[in-house]
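Asker: I'd like to ask you about the structure that follows.
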């Protein structure tokens with residue numbers, strides 16, 4: 001199983017979008033400062049996620065969320 005997830009920083013209210021095969025482990029890594037791009041923005045909360053059986057579908061969905069249309073989707077749906 002693969003997950004596309006959106007985190008929100010409780011420090012600066014910015015979002016982080018990623019994908020992983022182990023959501024629980026990845027959230028722990030983010031909040032313990034092990035992820036370079038989010039270590040100065042913790043704590044982070046999970047605000048949205050989707051599950052996929054195919055890695056490439058998850059990667060494509062992550063790419064979509066990082067695009068202009070994807071950011072609008074998240075904003076419109078309050079994520």
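The values are calculated or read from the model by the stated rules, or taken from the named source; none is laboratory data. What you see is a predicted model, and the numbers here were worked out from it, not measured in a lab. Here the Cβ positions follow ideal geometry from the backbone for every residue, glycine too, while neighbour counts run over all protein chains shown.
Asker: Do the conditions hold for residue 66, that is, is it touching a residue at least 24 places away in the same chain (Cβ under 8 Å) and surrounded by fewer than 16 Cβ atoms within 10 Å (Cβ to Cβ)? Spell out the reasoning first.
Answerer: On the way: touching a residue at least 24 places away in the same chain (Cβ under 8 Å): yes; surrounded by fewer than 16 Cβ atoms within 10 Å (Cβ to Cβ): yes.
For residue 66, the condition - touching a residue at least 24 places away in the same chain (Cβ under 8 Å) and surrounded by fewer than 16 Cβ atoms within 10 Å (Cβ to Cβ) - is met.
Asker: Just for the stretch 69-79: of the residues that are under 23 Å from residue 24 (Cα atoms) and surrounded by 10 or more Cβ atoms within 10 Å (Cβ to Cβ), which one is modelled with the highest pLDDT?
Answerer: In the first step, residues of the stretch 69-79 are kept if they are under 23 Å from residue 24 (Cα atoms); the result is 74, 78-79.
Right, trim to surrounded by 10 or more Cβ atoms within 10 Å (Cβ to Cβ) and you get 74, 79.
Working: 74: 89, 79: 70.
Here the residue is 74.
Asker: Follow-up question, since we're still on this one. From the list 9, 32, which one is modelled with pLDDT of 95 or more and more than 13 Å from the chain's Cα centre (by Cα)?
Answerer: Of 9, 32, the one residue that is modelled with pLDDT of 95 or more and more than 13 Å from the chain's Cα centre (by Cα) is 32.
Asker: Still on this structure, please answer the following. Please note which helices (runs of 4 or more DSSP H) are completely contained in the stretch 11-76 and include at least 2 residues that are closer than 19 Å to residue 1 by Cβ.
Answerer: Counting at least 2 such residues, we get 23-31, 55-65.
Asker: Right, something else. Just to verify a result, which residue in the stretch 23-40, among those that are touching a helix residue (DSSP H, G or I) at 6+ places or on another chain (Cβ under 9 Å) and buried (at least 16 other Cβ atoms within 10 Å of the Cβ), is nearest to residue 65 (Cα to Cα)?
Answerer: By that ranking, first place goes to 38.
Results for (1) in contact (Cβ under 8 Å) with a residue 24 or more places away in the chain; (2) surrounded by fewer than 17 Cβ atoms within 10 Å (Cβ to Cβ); (3) more than 23 Å from residue 77 (Cβ to Cβ), shown as yes or no for each residue.
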position	(1), (2), (3)
13	no, yes, no
21	yes, yes, yes
50	yes, yes, no
55	yes, yes, yes
